[in-house]
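**Q** This structure is in structure tokens; I'll ask about it shortly.
The values are calculated or read from the model by the stated rules, or taken from the named source; none is laboratory data. Keep in mind that this is a model prediction, so the values were computed, not measured. Cβ sites come from the backbone with ideal geometry, for glycine too, and all protein chains shown count toward neighbours.
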Amino acid sequence: MKQLVLLIPLVIGAALMLTQCGREAVSNNSMEEIYAEEGVPVRARVVEPKLFETSLSYHAALNGIEESSVYAMISDEVEEIAVEVGDFVEKDQLLLRFPKTTPSARYEQAKVAYENAKLTYERIEQLYRNGSVAEQDRDNAKTAYDVARADWQSVRDMVDVSSPIDGYVTRINVNEADAVISGDLLMNISQINRMRAKVWASDHEIVSIRRGQRATARWNNAELRGTVVQVDMAMDQDMRAFGVVLEFENPSKIFTVGVIADITIVTYSNPKALSIERKDIMVTGDRSFVYLVRDDRAHLQPIRIGKSQGLNVEVLEGLESGDLLITEGLPLLKQESKIRVVD
């Protein structure tokens, strides 16, 4: 009696398993019959030419197309600052001033020496024209005058600090009455109507980059357009990469010096490419295939693929504009399977 009780669950389990297997066989046979009669349900789309591009992405700091740092050439207090951050200044325009009484500048001595040398030269030049002095005397006076003039200009440059380039004042490091020493950074002047960036490309990436390629810089929901202007032909041993310089137009001055932007370089562009998603391609060995709709049948079509970007692949051969590409239901298909395209 005890053995009979133990056998009952085993018999019930076996019966359930046989029942389930029978249902699955019936179900599978039913689906195959339905597919054979009505066709395998698939989704498809028309292949049409469209823009296909490949690109490389980097992060880099943007700087002005031309920049200059202004340093103190004497040690003293700042007497006057003539500009503000954001001002546009022209070359040789006054930026800030130190006191003319600064001992290290020798302002008055240089001024007097220059004026005396100028008067002496003008007097001797007149005498030379009248034949009263020798040419050597005139040349000596001219040399002394040139030296005094250069010395005077140097002193004025130390006291009245001017801009070395046209550009915008992007940074002021001092305030009026601040004490500075020779060599301290005073200001930065930058031309920011155009911006420059340098990115570093690996040896695998550099083969795709050429001068003139289009590029974009994105920062703070803004975008600048530019081009590649320089591609290094030698690897930087410290960076273990190749330097690539890009320039971007910045007419509205939206981008400022030093911001880190997302840089994209377009390395390939085909405006009329036939491209499909990678998931729609079947690969066997080194060959690639897709399924096309042909007379309500699945036609296995070999293709030759080209470049890829993300999920998309360019098809070089095997597809034509207007082909109906099967995109869903692929695992259920084989060559010449009857199909039914659903919306």
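**Q** Considering only residues that are more than 24 Å from ILE326 (Cβ to Cβ) and either crowded, with 19+ Cβ neighbours inside 10 Å or in contact with a Ser or Thr (Cβ under 7 Å, 6 or more places away or on another chain) (or both), which ones fall in the stretch 257-280?
**A** VAL257, ALA261, ASP262, ILE263, THR264, ILE265, VAL266, THR267, TYR268 - these are the residues of the stretch 257-280 that are more than 24 Å from ILE326 (Cβ to Cβ) and either crowded, with 19+ Cβ neighbours inside 10 Å or in contact with a Ser or Thr (Cβ under 7 Å, 6 or more places away or on another chain) (or both).
**Q** Answer yes or no as to whether ARG240 is in the same structural domain as LEU119 (by TED's automatic domain parsing) and of a type in the set (Lys, Arg).
**A** no
**Q** Next question. Would you point out which residue out of ILE165, ILE181 is within 47 Å of the chain's Cα centre (by Cα), surrounded by fewer than 18 Cβ atoms within 10 Å (Cβ to Cβ), closer than 21 Å to ARG106 by Cα and among the hydrophobic types (A, V, I, L, M, F, W, C)?
**A** Just one listed residue meets the conditions, ILE181.
**Q** So is ILE339 part of a strand (DSSP E or B), surrounded by 13 or more Cβ atoms within 10 Å (Cβ to Cβ) and modelled with pLDDT under 95 or not?
**A** Judged against the criteria, ILE339 is a match.
**Q** Condition test on ALA44, is it surrounded by 15 or more Cβ atoms within 10 Å (Cβ to Cβ), among the aliphatic types (A, V, I, L, M) and in contact with a helix residue (DSSP H, G or I) (Cβ under 9 Å, 6 or more places away or on another chain)?
**A** So ALA44 fails the test.
**Q** Got a sec? Which of GLU249, GLU277, GLU223 is in contact with a strand residue (DSSP E or B) (Cβ under 7 Å, 6 or more places away or on another chain) and within 28 Å of ARG304 (Cβ to Cβ)?
**A** GLU277
**Q** To continue, here is another question. Which pairs turn up if I take residues in the stretch 308-332 that are more than 14 Å from ASP280 (Cβ to Cβ) and look for partners that are among the hydrophobic types (A, V, I, L, M, F, W, C) and surrounded by 16 or more Cβ atoms within 10 Å (Cβ to Cβ) with beta carbon separation below 7 Å, at least 6 apart in sequence or on another chain?
**A** Listed pairs, sorted by first residue: LEU316/ILE305; GLU317/ILE303; SER321/VAL47; SER321/LEU274; GLY322/VAL47; LEU332/VAL40.
**Q** So, one more: Show me the strands (runs of 3 or more DSSP E) found entirely inside the stretch 240-325 where at least 1 residues are at pLDDT 95 or above.
**A** Because the criterion is at least 1 residues that are at pLDDT 95 or above, the strands (runs of 3 or more DSSP E) in the stretch 240-325 that meet it are 242-249, 260-273, 275-277, 287-294, 297-309, 312-317.
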